[in-house]
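Report on one structure; see the data block that follows.
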Amino acid sequence: MGAGPTPGKITQTSTATRGAIGESTLRPDGTLKVTGEFAYSSDLWHEDMLWGFTLRSPHAHAEIRSVDTAEALAVPGVHAVMTHDDLPAATHYGLEIKDQPVLAKDRVRYHGEAVAIVAADHPETARRAAAKIKVEYAELPPVVDEATATAADAPVLHPGRADHHAGHVPHPNIVHRQPVRRGDVIAARTRADVVVRRDYEVGMQDQAFLGPESGLAVPAEDGGVDLYIATQWLHVDRDQLAPVLGLPADKVRLTLSGVGGAFGAREDLSMQAHACLLALRTGRPVKIVYNRYESFFGHVHRHPAKLTYEHGATRDGQLLYVQCRIVLDGGAYASSSPAVVGNAASLAIGPYVVDHVDVEAIALYSNNPPCGAMRGFGAVQACFAYEAQMDAVAAELGMDPVEFRQRNAMSQGAVMPTGQLVDSPAPVAELLRRVKALPMPPERQWLTADDSTDVRALPGGLSNTTHGEGVVRGVGYAVGIKNVGFSEGFDDYSTARIRLEVINGEPVALVHTAMAEVGQGGVTVHAQIARTELGVSQVTILPADTQVGSAGSTSASRQTYMTGGAVRHTCQAVREEVLRRGRERSGSYHPAWATAELLLEGGKVVTDGGEVIGDLAEIVGEEPIELELEFRHRPTEPFDLETGQGFGHVQYSFCAHRAVVEVDTELGLVKVIELAAAQDVGKALNPLSVVGQIQGGSTQGLGLAVMEEIVVSDGARVRNPSFTDYLIPTILDTPTIPVDVLELADDHAPYGLRGVGEAPTLSSTPAVVAAVRAATGLPLKRVPIRPEHLTGT
Amino acid sequence: MRVNFTVNGRPQQADDVWEGESLLYVLRERMGLPGSKNACEQGECGSCTVRLDNVPVCACLVAAGQAEGRDVVTVEGLAEFAERRDATAPGGPEQGSGTGLDEARRWQPGPGGSTPLAPVQQAFIDAGAVQCGFCTPGLLVAADELLERNPEPSDADIREALSGNLCRCTGYEKILDAVRLAAARTGEEG
Ligand code: FES
Ligand code: FES
């Protein structure tokens, strides 16, 4: 028998002498990741461990009449079977609204809802035992869309709601409703020369991270539990788990293990509570690893949406008004639906200046799979629709679509429909100019040097469906706006603990945060910041856990801003302490100690003129300096419930794309040839990682445009929970992605940086669809585009 | 059942293997080699790619029993495998010859850093081709095999060879960069 890697040991020491901010410093976890030694949550192993398995509902909406676990418990090797009746304390959890049952009680509300859990000594034993649990269901008619959710006889999915949105929603099956109103749309409509009104639809996208939901719960001697887990926010997991386990928060200790991607899908709990419950019940460590099939049921997805947009413009190309309605399907439980509604509503018209706006966004409760956070978070759905509208209005006006966008583009000083002043650079027109100015990829790029055809470069690829006949090229543009950080008055903060000590005569900085490194490269950036602020070459990044204050979530493009900000803020306080000690000891020896502008560089205290006046290792000596501090972004405020007015967002980020596609019009196959991006990042702390984020985000947008959708049908059942049937872009589907990075500082943010991760996911989808429209002349009002949309069959 | 096979040059024996267990399960859960990843267990993602008698395969699709008496190379043994290949075949790899067993047997799994990385591993780090890294082990095994067959692959060759390996984080651009970089560096050396 082999032994797995030790959980939690992901400490890395970087000994690079360079590696300050602004450099493409390499990942500290890179070597472990290329040798296979990096311990992901699914790799954890304990010699006494049991395997957990979850029994899930085959129905989307049903009453549970009875559950009989006797036969499952009798299976040799089974150590525990738990149902709702076995829960020790709180029975529900949730990010904002605690409406998600830990295990279903008398009703299931979506296909795949957890009903019972089993712990056994082999994963196959657990699976087989779960199959022996007898659950008697009585199926109920499912709520599947707005009509069935709000019909007169619609079943109320969450009777007796007491959450803080319940009072203002027009129907109990609506989670949250957010209007945004500004100006006078009715009057503006009378002045419009051109009006375009269309309906759009966005399918349900899955985050499809590669590392499945997994973790290891180890019962502790103090009656608590240690959970090694892949998540996006350790502290909010803990705060949801503790009441469910009936334990005080300090007895629920979480340590981040290796995370195989996240993209929003790890914001909600998945197997965390189940593993901890089984561990506490059996007194043995319990590991749960979902397979891909279960993963599709184990996390929330991107909200599918139906959107109706009406744009009015003058003949010379000025946007007069936008009216729209966005219906997001939140599925069975609330998850982060209210915040997704807030985003969709406040960002509904895109990065444009429009004086008259009337927006309504709602999220439904339904019996479809629960939806919540996914990269782009409410802004993706809106961007697909408003950018399609921008093209449609430009076409009506006979204007170039890029020129029309530039004519109406916002810039610094603009006012959002929420009344919020855009008080940092917003180079929307410039981003469009840059992608448009790029040279076009060569025509007939599938021809090789000797004039033969490389089918790999054609739609259909190695299926060898065409040699260029019936292949048409199209070019499309789009731009989007995304908020950075948590909005609407949320007290968004992060924490960093920094210890500066001398090891073997060298000053070393230890950085301890609870930030979830999910692949984005936060650990790299933290080390860069510590080197920059403290002038040390050696930085150790300690494992993320709940022994330090919360870092907030790795989502909303916020971690470089927030935990990067916390690391910087705390390092600066440590530096102040270094200087205080230095002044105390040597102030009288050198007059420069009295000056304000002292820096730490290369292990020395230097003046802004570069003169060395002290040695870091000598000043720190035997007394390490350790501080733990919080960092907050400037406060925001909630949107008014009727008008949507309010200073709701911390920061905006902008990305533009140009897509070049080739379409086999006979078979309806699309090949994206190139997907160029331009994005303002304020300040690229790590240019290599920034480009990687933009390319990865662009590719997920491409996936939504032409391939990715969870198909839910036949009584709200998920039809394609596998990578055989839910397709994500392969290396053959993904084109070259040239990236142009602008750095216009946002003075409100650390180093002037702007959150990067999400904006590229917005504009990529509409740019690709615009290119396919240009190639085919079809209206294409739904994503993902399927071949039958292009061939009309 | 019992399975005897060679893993990264060392003879291994797995006992009490269940009928349905895959080679991936045996490597990860019984051999203590979790480097090969388990993103789909359906042959769709390539995160579990290993060499089986030199041929890249999805370990999740290989029944453990099928590995009986055969030679497996995983990401954990890739650096050693590449080093040995370069040593035994100075003019380039001998097609289909595989790792010399006697030499491979001298390999010991040890703490990271004891063996220099294979060119393709170093190139993945340097090119920024690793984000979450979950796809990386499978991609490395596949890319290393490509470069062994074809030391100067075109972009289309790289895309074709890696088309069975999904990555959700990078958008593949930097993976292409990494393979080009590894090819260029190996070319310079040779
Ligand atoms: S895990 Fe084997 S191909 Fe996906
Ligand atoms: S780096 Fe995350 S899946 Fe490839």
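Test residue A:392 against the criterion of being touching a His at 6+ places or on another chain (Cβ under 9 Å) and surrounded by fewer than 24 Cβ atoms within 10 Å (Cβ to Cβ), and give yes or no.
On the way: touching a His at 6+ places or on another chain (Cβ under 9 Å): yes; surrounded by fewer than 24 Cβ atoms within 10 Å (Cβ to Cβ): yes.
Judged against the criteria, residue A:392 is a match.
Filter region A:657-678 down to residues that are acidic (Asp, Glu) and assigned to a strand (DSSP E or B) and give me whichever is most open to solvent (accessible area, probe 1.4 Å). It would help to see each step written out before you state the result.
Here is the first cut: in region A:657-678, the ones acidic (Asp, Glu) are A:662, A:664, A:666, A:674.
Pick out the ones that are also assigned to a strand (DSSP E or B) and you get A:662, A:664, A:674.
Values: A:662: 4, A:664: 3, A:674: 23 Å².
By that ranking, first place goes to A:674.
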Next on the checklist: Return the pair list, or none, for Cβ contacts closer than 6 Å from residues in region A:683-696 that are more than 19 Å from residue A:659 (Cβ to Cβ) and facing another protein chain (nearest Cβ under 8 Å) to residues that are at pLDDT 95 or above and open to solvent by less than 10 Å² (accessible area, probe 1.4 Å), at least 6 apart or on different chains.
Outcome noted: A:689/A:521; A:692/B:170
Checklist entry - Somewhere in region B:139-149, is a residue in a helix (DSSP H, G or I), within 16 Å of ligand 1 (Cβ to nearest atom) and within 8 Å of chain A (Cβ to nearest Cβ)? => result yes
Checklist outcome for this item: The condition of being farther than 27 Å from residue A:353 by Cβ, touching an Asp or Glu at 6+ places or on another chain (Cβ under 6 Å) and of a type outside the set (Lys, Arg) holds, among A:523, A:511, A:455, A:472, only for A:523
Checklist outcome for this item: Over region B:49-93, the set of residues within 16 Å of ligand 1 (Cβ to nearest atom), within 11 Å of chain A (Cβ to nearest Cβ) and not in a strand (DSSP E or B) is B:60, B:74, B:75
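Can residue A:731 be described as touching a Cys at 6+ places or on another chain (Cβ under 8 Å) and either within 16 Å of ligand 1 (Cβ to nearest atom) or open to solvent by 10 Å² or more (accessible area, probe 1.4 Å) (or both)? Before you say what the answer is, go through the steps one by one.
Details: touching a Cys at 6+ places or on another chain (Cβ under 8 Å): yes; either within 16 Å of ligand 1 (Cβ to nearest atom) or open to solvent by 10 Å² or more (accessible area, probe 1.4 Å) (or both): yes.
The answer is yes for residue A:731.
Considering each of A:749, A:745, A:716 in turn, give the residue that is of a type outside the set (Ser, Thr, Tyr) and touching a strand residue (DSSP E or B) at 6+ places or on another chain (Cβ under 8 Å). Spell out how you get there, then give the answer.
Numbers: A:745 fails: touching a strand residue (DSSP E or B) at 6+ places or on another chain (Cβ under 8 Å); A:716 fails: touching a strand residue (DSSP E or B) at 6+ places or on another chain (Cβ under 8 Å).
Testing whether each residue is of a type outside the set (Ser, Thr, Tyr) and touching a strand residue (DSSP E or B) at 6+ places or on another chain (Cβ under 8 Å) leaves just A:749.
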Item to check | Residue list for region B:150-168, filter: closer than 23 Å to residue A:519 by Cα and more than 9 Å from every other protein chain (Cβ to nearest Cβ) | outcome: none
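Does residue A:642 satisfy being loosely packed, with under 13 Cβ neighbours inside 10 Å, closer than 30 Å to residue A:485 by Cβ, among the charged types (D, E, K, R) and touching a residue at least 24 places away in the same chain (Cβ under 8 Å)? If you could, list the steps in order and put the result at the bottom.
On the way: loosely packed, with under 13 Cβ neighbours inside 10 Å: yes; closer than 30 Å to residue A:485 by Cβ: yes; among the charged types (D, E, K, R): yes; touching a residue at least 24 places away in the same chain (Cβ under 8 Å): yes.
It is true that residue A:642 is loosely packed, with under 13 Cβ neighbours inside 10 Å, closer than 30 Å to residue A:485 by Cβ, among the charged types (D, E, K, R) and touching a residue at least 24 places away in the same chain (Cβ under 8 Å).
Looking only at region A:481-524, which residues are within 14 Å of another protein chain (Cβ to nearest Cβ) and open to solvent by 10 Å² or more (accessible area, probe 1.4 Å)?
Quick first cut of region A:481-524, residues within 14 Å of another protein chain (Cβ to nearest Cβ) only: A:516-524.
Listed by number, the residues that qualify are A:517, A:518, A:520, A:523.
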Item to check | Count of residues meeting criterion [surrounded by fewer than 19 Cβ atoms within 10 Å (Cβ to Cβ), modelled with pLDDT under 95 and under 32 Å from the mean Cα position of the chain (by Cα)] in region A:30-69 | outcome: 1
Next on the checklist: Test of understanding: among B:182, B:161, B:143, which residue is more than 15 Å from ligand 2 (Cβ to nearest atom) and under 19 Å from residue B:77 (Cα atoms)?
Outcome noted: B:182
Item to check | Meets criteria (out of contact with any Leu (no Cβ under 8 Å at 6 or more places or on another chain) and touching a residue at least 40 places away in the same chain (Cβ under 8 Å)) for residue A:284 | outcome: no
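Taking the conditions exactly as written (outside any strand (DSSP E or B), on the phi > 0 side of the Ramachandran plot, open to solvent by 20 Å² or more (accessible area, probe 1.4 Å) and within 12 Å of another protein chain (Cβ to nearest Cβ)), does residue B:43 satisfy them or not? I'd like the intermediate steps shown before the answer.
Numbers: outside any strand (DSSP E or B): yes; on the phi > 0 side of the Ramachandran plot: yes; open to solvent by 20 Å² or more (accessible area, probe 1.4 Å): yes; within 12 Å of another protein chain (Cβ to nearest Cβ): yes.
Criteria met by residue B:43.
Just checking, which of A:405, A:375 is of a type in the set (D, E, K, R) and either within 21 Å of the chain's Cα centre (by Cα) or in a loop (DSSP other than H, G, I, E, B) (or both)? Break it down into steps so the answer makes sense when it comes.
Details: A:405 fails: either within 21 Å of the chain's Cα centre (by Cα) or in a loop (DSSP other than H, G, I, E, B) (or both).
Testing whether each residue is of a type in the set (D, E, K, R) and either within 21 Å of the chain's Cα centre (by Cα) or in a loop (DSSP other than H, G, I, E, B) (or both) leaves just A:375.
Before we move on, is residue A:564 crowded, with 24+ Cβ neighbours inside 10 Å and either part of a loop (DSSP other than H, G, I, E, B) or of a type outside the set (D, E, K, R) (or both)? Talk me through it step by step, then tell me what you get.
Details: crowded, with 24+ Cβ neighbours inside 10 Å: yes; either part of a loop (DSSP other than H, G, I, E, B) or of a type outside the set (D, E, K, R) (or both): yes.
Here the answer is yes, as residue A:564 does meet what is asked.
Determine which member of the set A:573, A:551 is more than 14 Å from chain B (Cβ to nearest Cβ) and part of a loop (DSSP other than H, G, I, E, B).
Details: A:573 fails: part of a loop (DSSP other than H, G, I, E, B).
Being more than 14 Å from chain B (Cβ to nearest Cβ) and part of a loop (DSSP other than H, G, I, E, B) holds for just one of A:573, A:551, which is A:551.
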Checklist entry - Among the residues of region A:703-728 satisfying the criterion of being surrounded by fewer than 18 Cβ atoms within 10 Å (Cβ to Cβ) and more than 14 Å from every other protein chain (Cβ to nearest Cβ), which is nearest to the chain's Cα centre (by Cα)? => result A:711
Checklist entry - So, in region B:127-138, of the ones that are assigned to a helix (DSSP H, G or I) and within 9 Å of chain A (Cβ to nearest Cβ), which residue ends up surrounded by the most Cβ atoms within 10 Å (Cβ to Cβ)? => result B:136
Next on the checklist: Out of everything in region B:23-40 that is in a loop (DSSP other than H, G, I, E, B), among the hydrophobic types (A, V, I, L, M, F, W, C) and within 9 Å of ligand 1 (Cβ to nearest atom), what residue ends up being surrounded by the most Cβ atoms within 10 Å (Cβ to Cβ)?
Outcome noted: B:39
Checklist entry - What are the residues in region B:170-190 that are open to solvent by 10 Å² or more (accessible area, probe 1.4 Å) and either within 16 Å of ligand 1 (Cβ to nearest atom) or facing chain A (nearest Cβ under 7 Å) (or both), if any? => result B:173, B:174
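The values are calculated or read from the model by the stated rules, or taken from the named source; none is laboratory data. Just so we're clear, the structure is a prediction, and the values are computed from it rather than from any experiment. For neighbour counting, all protein chains shown are included, and Cβ atoms are generated from backbone atoms with ideal geometry for every residue, glycine included. Accessible surface is based on the protein model in full, side chains and every heavy atom, while ligands, DNA and RNA are left aside. Shrake-Rupley method; radii C 1.70, N 1.55, O 1.52, S 1.80 Å.
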